[in-house]
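The values are calculated or read from the model by the stated rules, or taken from the named source; none is laboratory data. In this text the structure is predicted, and so the values were computed from the model without any measurement. When we count neighbours, we look across all protein chains shown, and the Cβ atoms used for this are built from the backbone with ideal geometry, even at glycine. With ligands, DNA and RNA removed, areas are computed over all heavy atoms of the protein, side chains included. Shrake-Rupley method; radii C 1.70, N 1.55, O 1.52, S 1.80 Å.
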Amino acid sequence: KVVEARLQKFYSSMNQAIARAEVDYGSRDVWYRFISDPAQRLLWIKKYIVPYMNVSEIEENINFSVFGTTPYIIHLADGSSFTNLPYGQFSDWLFFPGDAKKCASGKVHYRQFTGVCAFAFYYRPAIDNELVTATTRSWTFEPYMYNYSGVYTEHNLKYDRNYGCYSEGSSWHAYCTRLIQYNGWKIPDDYPFRVKY
């Protein structure tokens, strides 16, 4: 129940933060951009996200070795935390209903705890020189999905070979978050993992 409540709260809080940042800085299509350097990503988060959320601490310059090079974790007042994955186009995020370091401790890859104590989200309304369309413009901070236009069924969210929550061969269980959202922010009765925080 704690995980379910914190997942839904984080989803709502992030989208509210983005909407409030738009009031101060204009359309997110303008101020969202691809950033490869982790230090610059943190500066972006501090400017556009942190002021609009109930952040208790930003932990910087830590050895979060499971991600290779993620030198920060943003802690929220309710005991949860989040970070941005250091790969890709500044679009992949992980939310931890509890402490991120405790969740990742002893693991060598985030596939080992995604869907258990960490949950994948995705945010990319547009990137450099990308045509902004009605589809991309309406894109908000959402549970992870691979692209904008994919049609997702419950079966796909469970058994997609690359990201499926129930698929043993998936590269990481990224669709677990979207499956929980699909189920009304409730963890399905046949969920394959015991969640923790």
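Which lysines, on any chain, are close to residue 101 with Cα under 18 Å apart, when same-chain ones fewer than 8 places away are left out? The qualifying lysines are 196.
Projected label points at residue 40 and residue 16, each 7 Å from Cα along the beta carbon direction, are separated by 3.2 nanometres.
3J(HN,Hα) along the range 29-35: 5, 8, 8, 7, 8, 6, 9 Hz, from the Karplus curve 6.51 cos²θ - 1.76 cosθ + 1.60 with θ = phi - 60°, whole Hz, x for Gly and Pro.
Measuring only protein heavy atoms, the 1.4 Å probe finds residue 43 accessible over about 100 Å².
Placing pseudo-labels 7 Å out from each Cα toward the beta carbon at residue 105 and residue 159 gives an inter-label distance of 3.8 nm. Straight-line reach from residue 158: taking Cα to Cα under 18 Å and skipping same-chain neighbours fewer than 8 places apart, the aspartates and glutamates in range are 4, 142, 168, 189, 190.
Heavy-atom accessible area with a 1.4 Å probe sorts 24, 99, largest first, into 24, 99.
Would you mind calculating the gained length between residue 89 and residue 1 on full extension (0.36 nm times residue separation, minus the Cα-Cα distance), in nm to one decimal? Could you put the intermediate results ahead of the total?
Numbers: separation 88, 0.36 × 88 = 31.68 nm, distance 3.23 nm.
My answer for the length gained is 28.4 nm.
How big is the gap, in Å, between the Cα center of the range 143-197 and the Cα center of the range 1-60? Going from one Cα centre to the other spans 23 Å. If R0 equals 41 Å, the separation of the Cβ atoms of residue 23 and residue 168 corresponds to a calculated FRET efficiency of about 0.35.
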